[in-house]
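Notes follow the structure.
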């Protein structure tokens, strides 16, 4: 069984919630192990709302970590407040520091781990820069090289050089983190860009008593939302880009720390890939919507 760590901004957009439903259903079906979740955009109700979401999914045992310094992203996600009301006594202090959570999971791992990132990259970049501590005598780079087999990232806009996308360019923190991640991560990375998820509308057709439907409604997306994060998660769960319905371009990605612009140099021996859709939007939409509504075993 494949094992994952998930990183999410769990921020203002609701495509994170759709993506987390896909993850939750895969865990419940015993298709994967989810070893922990790192929240990389810190808001008042971040931990309580995410814990409540997974509690509604029957998965209240998943360890959560958070970057408490990541308060500079802005925004006001109404679905977080609604979900947090289910666990009124939970606060952000109830979660471990996200970097320590990642280091702990990697240090304890007995088999390869994959990382899915659907938010900002500063937690992963901080892990990569980390040094020996009470958790492990190994550096973050060493832990990654030994324990991480692959990273799946929703970030960038790869249909042209010099493009900007939120997960890289939102603020100084995300721009620097994007640059550091591309330079430091030594394991294979697959990027799914903004241009891939835009126009693939999922989350429509849910039961109206579903907590995911409530989150979509709170966002103003009761008829569905573009599928940046869900498409990345589904591809990662399938585990192979071609099988998931994509062409890949191989090479080396980079991010400008000042502007957040992303660039890509093609190279058959590079460790980075970005994906291009092979099918019409309906193909991906139908796959995701079917999984969102599948019955638990």
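List of remarks:
- Restricting segment 274-297 to residues that are part of a helix (DSSP H, G or I) and touching a residue at least 40 places away in the same chain (Cβ under 8 Å), the residue that is surrounded by the fewest Cβ atoms within 10 Å (Cβ to Cβ): 281
- Being in contact with a helix residue (DSSP H, G or I) (Cβ under 9 Å, 6 or more places away or on another chain), free of Cβ contacts under 8 Å to residues at least 60 places away in the same chain, under 21 Å from residue 171 (Cα atoms) and crowded, with 24+ Cβ neighbours inside 10 Å is a condition met by at least one residue of segment 46-64.
- Scanning segment 119-155 for residues being in contact with a helix residue (DSSP H, G or I) (Cβ under 6 Å, 6 or more places away or on another chain) and closer than 18 Å to residue 228 by Cα gives a total of 5.
- Scanning segment 19-29 for residues that are in contact (Cβ under 8 Å) with a residue 40 or more places away in the chain and either out of contact with any helix residue (DSSP H, G or I) (no Cβ under 7 Å at 6 or more places or on another chain) or surrounded by fewer than 19 Cβ atoms within 10 Å (Cβ to Cβ) (or both) turns up at least one hit.
- Odd one out for residue 94, checked against (1) over 18 Å from the mean Cα position of the chain (by Cα); (2) at pLDDT below 95; (3) under 26 Å from residue 140 (Cβ atoms): (2)
- Condition broken by residue 75, with the remaining ones in (1) within 21 Å of residue 22 (Cα to Cα); (2) not in a helix (DSSP H, G or I) satisfied: (1)
- Yes/no for residue 92 being surrounded by fewer than 22 Cβ atoms within 10 Å (Cβ to Cβ), touching a residue at least 12 places away in the same chain (Cβ under 8 Å) and farther than 16 Å from residue 35 by Cβ: yes
- Positions within segment 216-273 being closer than 18 Å to residue 288 by Cβ and part of a loop (DSSP other than H, G, I, E, B), in sequence order: 221, 222, 223, 224, 227, 239, 240, 245
- Only a single item in (1) in contact (Cβ under 8 Å) with a residue 40 or more places away in the chain; (2) more than 28 Å from residue 58 (Cβ to Cβ); (3) surrounded by fewer than 19 Cβ atoms within 10 Å (Cβ to Cβ) is not met by residue 247, and it is number (1).
The values are calculated or read from the model by the stated rules, or taken from the named source; none is laboratory data. Worth saying up front: this structure is predicted, and the values here are computed from it rather than measured. Backbone-built Cβ (ideal geometry, glycine too); neighbour counts: all protein chains shown.
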